[in-house]
1. Give me the distance between the Cα centres of region 15-40 and region 212-258, rounded to whole Å.
2. What angle, in degrees between 0 and 90 and rounded to the nearest 10, separates the Cα long axis of helix 6-52 from the longest principal axis of the Cα atoms of the chain?
3. Before rounding to the nearest 500, sum -39500 (n - 2.57) across all DSSP H runs of length at least 4 in the chain and divide by the residue total; then give [θ] at 222 nm in deg cm²/dmol.
4. Pick the calculated semi-axes √(5λ) of the Cα gyration tensor in Å for this structure from (1) 32, 20, 19; (2) 31, 24, 16; (3) 58, 21, 16?
5. Taking a virtual spin label 7 Å from the Cα of residue 204 along the C-beta vector, which residues in region 73-92 bring their backbone nitrogen under 20 Å of it?
6. Nearest 5 percent is fine: what portion of the DSSP beta bridges confined to region 106-216 is antiparallel?
7. For a quick check, take a GNM of the chain with Cα springs below 10 Å and name the residue from 225, 180, 89 with the largest mean-square fluctuation.
8. If you fit an axis through the alpha-carbon atoms of helix 220-257 and take the longest principal axis of the Cα set of the chain, what angle between them do you get, 0 to 90°, nearest 10?
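Please treat every number below as a calculation from the coordinates, not as lab data. Everything numeric in this text was worked out from a predicted model, so none of it was measured. As a convention, Cβ positions derive from the backbone with ideal geometry for all residues, glycine included, and neighbour counts pool all protein chains shown.
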């Protein structure tokens with residue numbers, strides 16, 4: 001019997017290394033999907049617990065609270081500091097979120113940012129409706145969040161991110177448009193002492209805005225399905241690696257016998 005050629009053996013060893021590497025990558029991807037599933041399960045539990053928790057009142061002494069808990073605040077709208085958040089679609093329709101600080105009734109200069117609602121983006125030559133919030137003291141109810149929900153900003157790759165004018169209000173008196181709105185950036189632009197939370201307004205009559213807020217994805221079953229697929233790919237790769245090892249050992253044994 002002709003001995004095994006070195007080139008053939010080298011190809012088999014290379015295939016074995018690649019199969020083992022592929023199996024390890026697939027196992028890592030499956031484990032990552034399992035972690036994502038657990039994170040989504042924990043998030044869903046936190047949301048459900050928050051919805052069942054008693055409401056809390058935001059004021060100068062009670063400035064913070066857990067995410068997803070119901071809360072309320074009493075104060076005056078600061079309409080000149082309204083900001084519009086771009087690319088916030090609702091049921092497939094392009095639109096914007098309207099965010100306005102609410103100055104707390106018991107602490108002038110201290111405010112909480114309120115996501116007031118959604119408005120459809122008008123097609124030119126149409127313009128946005130009047131988004132001025134009601135004057136006078138108001139009681140606002142909603143859900144606590146520790147930041148305005150973010151969208152991926154392509155400007156972060158090109159360096160052309162949208163920023164708030166400094167200071168607010170803008171010189172033209174129009175609400176600025178931004179993709180994302182960090183609380184510290186709004187505090188710097190307005191000079192307000194902002195609470196470290198955002199109040200996502202519950203359904204209310206407010207300038208015709210729609211309070212239909214999309215929640216975060218909590219579909220853990222999807223991640224479990226992806227994890228199963230990755231582990232299946234890993235099993236296939238490792239079985240193929242085992243077969244390759246068996247063939248190498250068999251050929252090596254035949255070569256020695258020859």
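1. 8
2. 30
3. -13500 deg cm²/dmol
4. Checking each listed value against the structure points to (3).
5. Answer for this model: 73-85.
6. If we restrict to bridges inside region 106-216, about 50 percent are antiparallel.
7. Greatest mean-square fluctuation among the candidates belongs to 225.
8. With rounding to tens, the tilt is 20 degrees.
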